[in-house]
Amino acid sequence: MNVGRPAPRAAAAYASQDGYAPELLYATFNQDYGCFAIGTQTGFRIFNSDPYKEKMRREFKDGGIGIVAMLYRSNYLAFVGGGRNPRFPPNKVMLWDDASSKIIAELEFRSDVLNVQLQRDRIVVVLRNKCIVCSLEAKPRHLHAFETADNDRGAMAISGASDAGILAFPGRQKGHIQIVDLHSCISLATLQDPAAAAAAAAVSPRLAPSAQRTRTQSRGSFSLDPAAAMLPAATSTSPPAAAATAAVHPTNINIIAAHATAISALAISADGTMVASASEKGTLIRIFDTMSGRLVHELRRGVDRADIYSIAFSPDNTRLCVSSDKGTVHIFNLDSKDPAAQQSLSKSASPAPASASASASASAAGNRQSNLKFMKDLLPKYFSSEWSFAHFRVANEVRCICGFGNERNSVIVLCADGTAQKYSFDSYRGNCVREWYRKFI
C-alpha cells in the first residue's frame, strides 16, 4: 500500500485525516502475511505480524523508501525511492541484501516504478503501461514484458507458493485481466536458441521440493533454507538491456473480461488457482479460476463507490478479506464445505445491510444473501449478490491493508495512521473483536 500517493479521488479526504502518519510511505505484507515491512521518509523497518514484534530497522541519512518488497523471510528486499527526499530514483528498482547491508543489483526503467513483487527466482515490476519480469540474481536478466492498459495504481499479483508461477495484471483493454503461467513462458533469450525453445515449450519447469522455505532468523535478518537457490553476493550491476522494449512470446496466457471499469486491485491465491479482482467502482469482488477463466464467486462489498486498497486470500483458500477507503474490512467465505458455512445454512443469517433488503439468507458458502435471490431472473443482479459474513471498521477509519493472521479466524490490519491491529471473528455469527492495537511508527 503506497500511503504517500492516494488515489486522486481520495486524496483530498485522506489529507484531512488527523490520524495520518506523515513519515509512513508504504506498507506491505510478505508472501504468507507472517511479517510486514514499511517504507519511511528515512528508511525501512520489518515486523513480525503475529505475535507483533519489530525485527529490524534501517535508517538512511540521504532519503526515503517509497516501495519495499519482501522475499518471504529472507535477507533480500527490493526498494524504490520515495518521499520528500527519495534515496533512489523513482524509475529504479534496487535489490538490497540486508546480510551485507548494501545494494547488490539494480534495474532501471524509462518511467516510474509503481509496484514491485519478488518471487524466489523472479522480480516483477509494474510501470504505468507495462508489466516486466526479470530474473532474481546478481545480474538480473530481462525475461518478459507485457503491455497493459493505464495502470496508475500498479495493480499486479503473483502466487506466493514457491512452486507456483501464476502472474496476474491488467489487460490491454479496460477491465480485463491477463493471467500468465511464468513456468510455461518462453523468454526472449530462450527464443534465440531454437533447441532451447523447443525444450521449454515441451516442459514447464518447477522448483524442486528442496526449495521450500524455512523460518529461521538471525540477528534481525531473515534467512532461507540453504538448499533454495539464492542470489550470490555481488556488487551493484548495470540494468538489463532493453528492459522496457524486448519482445516476449508466452505459451500460456489467459485474458479475462472481469469488469466494465479499470482494474484497481488484484490478488492471487497462494497455489495460483484463483485470482480475485476489484474495479475502480469498488462494489464487487470477482474471483476467477486462473486456468479456465471461469467466474467462481461474485462478492459484494457494498453499494457505494469505494477505493479497494487490498484483497487477500487465506492460506487455505477458504476465505477472502477486502479493505477499502470506507475504513472497513470485509471477510467472505469461499468454501461451501466449511463448517461455518454449514452452520450458517442451518440457521437464519443475520440481516443484510439496510440498503440491500429487509432480510437475508445464507449462500452455499455461508455469506449473506438476499431472500429474493430466487427471483434473480426477474430482479436486478444486485439481489443475487453475496455479502460478507463478517466485517469490522478499523479504529480512526483510515485507509488500510489486510491479511490473515496465524489463527484461522483472525485478520491483521496495517493502517495509514501507523498502527497494526489484530481482529478475530466468529465463524458462525460473524462477530468481530479487536484483540490488540500497536503503533509501529
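The values are calculated or read from the model by the stated rules, or taken from the named source; none is laboratory data. Note that the coordinates shown come from a computational prediction; the quantities given were computed from them, not determined experimentally. Cβ sites come from the backbone with ideal geometry, for glycine too, and all protein chains shown count toward neighbours. All accessible areas refer to the heavy atoms of the entire protein, side chains included, with ligands and DNA or RNA removed. Shrake-Rupley method; radii C 1.70, N 1.55, O 1.52, S 1.80 Å.
What the table below lists for this structure:
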| item | result |
| --- | --- |
| Protection-proxy order for peptides 54-62, 99-107, 312-320, each taking the mean of Cβ atoms within 10 Å per residue, highest first | 312-320, 99-107, 54-62 |
| Too-long pairs where the Cα-Cα distance tops 18 Å, listed order kept, from Lys53/Lys326; Lys174/Lys281; Lys53/Lys102; Lys102/Lys139; Lys130/Lys281; Lys174/Lys326 | Lys53/Lys326; Lys53/Lys102; Lys130/Lys281; Lys174/Lys326 |
| Mean Cβ neighbour count within 10 Å, used as a protection proxy, ranking 46-52, 166-172 highest first | 166-172, 46-52 |
| Exposure ranking of His330, His176, His391 by accessible area [1.4 Å probe, largest first] | His391, His176, His330 |
| Accessible-area value, Asp289, 1.4 Å probe, nucleic acids and ligands omitted, Å² | 40 |
| Spacing of the two label points (7 Å from each Cα toward its C-beta) at Ile103 and Tyr52, in nm | 3.3 |
| The range 21-177: radius of gyration and largest Cα-Cα distance (Dmax), Å | 15.0, 43 |
| 9 Å beta-carbon shell around Trp96, net charge (K/R +1, D/E -1) | 0 |
| Gap separating the Cα centres of the range 269-320 and the range 27-93, nearest whole Å | 26 |
| Using a Förster distance of 25 Å, the FRET efficiency for Asn406-Asn317 (Cβ separation, nearest 0.05) | 0.90 |
| Tyr437 accessible area, 1.4 Å probe, all protein chains in place, Å² to nearest 10 | 80 |
